[in-house]
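In what follows, a single structure is set out as C-alpha cells and then discussed.
The values are calculated or read from the model by the stated rules, or taken from the named source; none is laboratory data. It should be emphasised that the depicted structure is a prediction, and the values quoted were computed from it without experimental measurement. FYI the Cβ positions are ideal-geometry reconstructions off the backbone, even for glycines, and counts take in every protein chain you see. Just the protein is used for accessible areas: all its heavy atoms, side chains included, with ligands, DNA and RNA removed. Shrake-Rupley method; radii C 1.70, N 1.55, O 1.52, S 1.80 Å.
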Amino acid sequence: MSEPVTIGRATLYLGDCRDILPRLGKVHAVVTSPPYNLVKEGSGGSTTTLHSIENRLQEWYDDELPEAEYQEQQREIVKLCLDICEGSLFYNHKVRYAIARRGQIYHPLDWLRDFPLWCEIIWDRCGAAGNNTPRYTIQDERIYQIGRPAVFDKAGLTTVWRFPPDRSDETGHVCAFPVELPRRCIVSSTVSGMSVLDPFMGSGTTGVAAVQMGRDFIGIEREPKYFDIACKRIEDAQRQGDFFGEGAAA
C-alpha cells in the first residue's frame, strides 16, 4: 500500500480497497457507488447495440468480471466496509437487464440480501437516455442503506430522491454521480466532525460533499487517472470551506 495523500480533512489512498480497508480504523458512514460491471460481453450486463454508448462506456474501468465473480467481490467489499463502519453504508447501484446476452436480470439484492438492510431509496434521475430495447425507459437507480446509522436526521427526506445525474465534464468520469447524492446520505446520518469513507472513490464526489460539510473523509481509488482528478476536486472543495454546512437537504 502506497503512502496516503492528505488534503485537509481528507486522506486518500491509491490502491485496491480490499488491501486497504483491513488496515483502516473506524468510520461513521460509508457512501459509495461501485463499477456496475455492465459494459462488455464477458460481464453479461449490457444489452445496448448503440455504438456511441458502447464506445463511451469502454472508457470506464478496463476490467470486466464474470457476473458470479463480480457479485462475490462486492459481498467481500461490503463486509470489509461494515467491519469498520459504526453507522450506515450507502451503496448506489442499479438493476441490470442482460436478457439479450445472458437471459438474466441482475438485481443488487442478489448480493446484498444477507446484509442488514436498513432502507432502500429510489433515485429518480429526472429523465433517461435513449432506450433501444422493447421495455420502458429506465430512469431510476437504487441507494441501499445497510446498517443502523450512527445518528439519524430525516432532513425532510423520503425514500424517493429526485435530482439529475452529473452531466458536466468537471469530474472526468464517465459515470460520476452528483454531489447531491452523497450530500443527502451524509447530512442524514452524520454530524460535523464525523468521518465518511468511499472505497470506490472515482473522481472524488463523496469526498467533495464530505469536506464541504465539515466531515473527515477517507477515499480509496485504484485508477491513477481518477485518483488525480479526485485529489484536485477535493483540494478545491477544501479551499472553499464548509459550503453546505448543516443545512437540510433540498
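Mind checking whether some residue in region 204-213 is over 16 Å from the mean Cα position of the chain (by Cα), in a loop (DSSP other than H, G, I, E, B) and either of a type outside the set (Gly, Ala, Ser) or modelled with pLDDT of 95 or more (or both)? Within region 204-213, one or more residues are over 16 Å from the mean Cα position of the chain (by Cα), in a loop (DSSP other than H, G, I, E, B) and either of a type outside the set (Gly, Ala, Ser) or modelled with pLDDT of 95 or more (or both).
Scan region 51-64 and give yes if some residue there is modelled with pLDDT of 95 or more, under 17 Å from the mean Cα position of the chain (by Cα) and open to solvent by 20 Å² or more (accessible area, probe 1.4 Å), otherwise no.
Within region 51-64, none of the residues are modelled with pLDDT of 95 or more, under 17 Å from the mean Cα position of the chain (by Cα) and open to solvent by 20 Å² or more (accessible area, probe 1.4 Å).
Under the condition of being more than 29 Å from LEU24 (Cα to Cα) and outside any helix (DSSP H, G or I), which residue from region 67-103 is modelled with the highest pLDDT?
VAL95
Scanning region 215-233 for residues that are of a type outside the set (Val, Ile, Thr), farther than 12 Å from ARG183 by Cβ and either over 18 Å from the mean Cα position of the chain (by Cα) or surrounded by 24 or more Cβ atoms within 10 Å (Cβ to Cβ) (or both) yields PHE217, GLY219, GLU221, ALA230, LYS232.
Test CYS119 against the stated conditions and say whether it is closer than 25 Å to GLU86 by Cβ and either out of contact with any Gly (no Cβ under 8 Å at 6 or more places or on another chain) or acidic (Asp, Glu) (or both). Outline the logic, then answer.
Working: closer than 25 Å to GLU86 by Cβ: yes; either out of contact with any Gly (no Cβ under 8 Å at 6 or more places or on another chain) or acidic (Asp, Glu) (or both): yes.
In short, yes.
Quick one: count up the residues across region 67-100 that are open to solvent by 50 Å² or more (accessible area, probe 1.4 Å) and among the aromatic types (Phe, Trp, Tyr). Matching residues across region 67-100 total 1.
Residue-wise test of (1) under 13 Å from the mean Cα position of the chain (by Cα); (2) part of a helix (DSSP H, G or I); (3) under 26 Å from VAL78 (Cα atoms); (4) modelled with pLDDT under 95.
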site	(1), (2), (3), (4)
GLU235	no, yes, no, no
GLN238	no, yes, no, yes
PHE243	no, no, no, yes
ALA248	no, no, no, yes
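Which one is nearest to SER195 (Cα to Cα) among residues in region 133-149 that are in a loop (DSSP other than H, G, I, E, B) and at pLDDT 95 or above? Spell out the reasoning first.
First pass over region 133-149, keeping only residues in a loop (DSSP other than H, G, I, E, B): 133-139, 147-149.
So of that shortlist, the ones also at pLDDT 95 or above come out as 147-149.
Details: GLY147: 16, ARG148: 16, PRO149: 13 Å.
Ranking the candidates gives PRO149 first.
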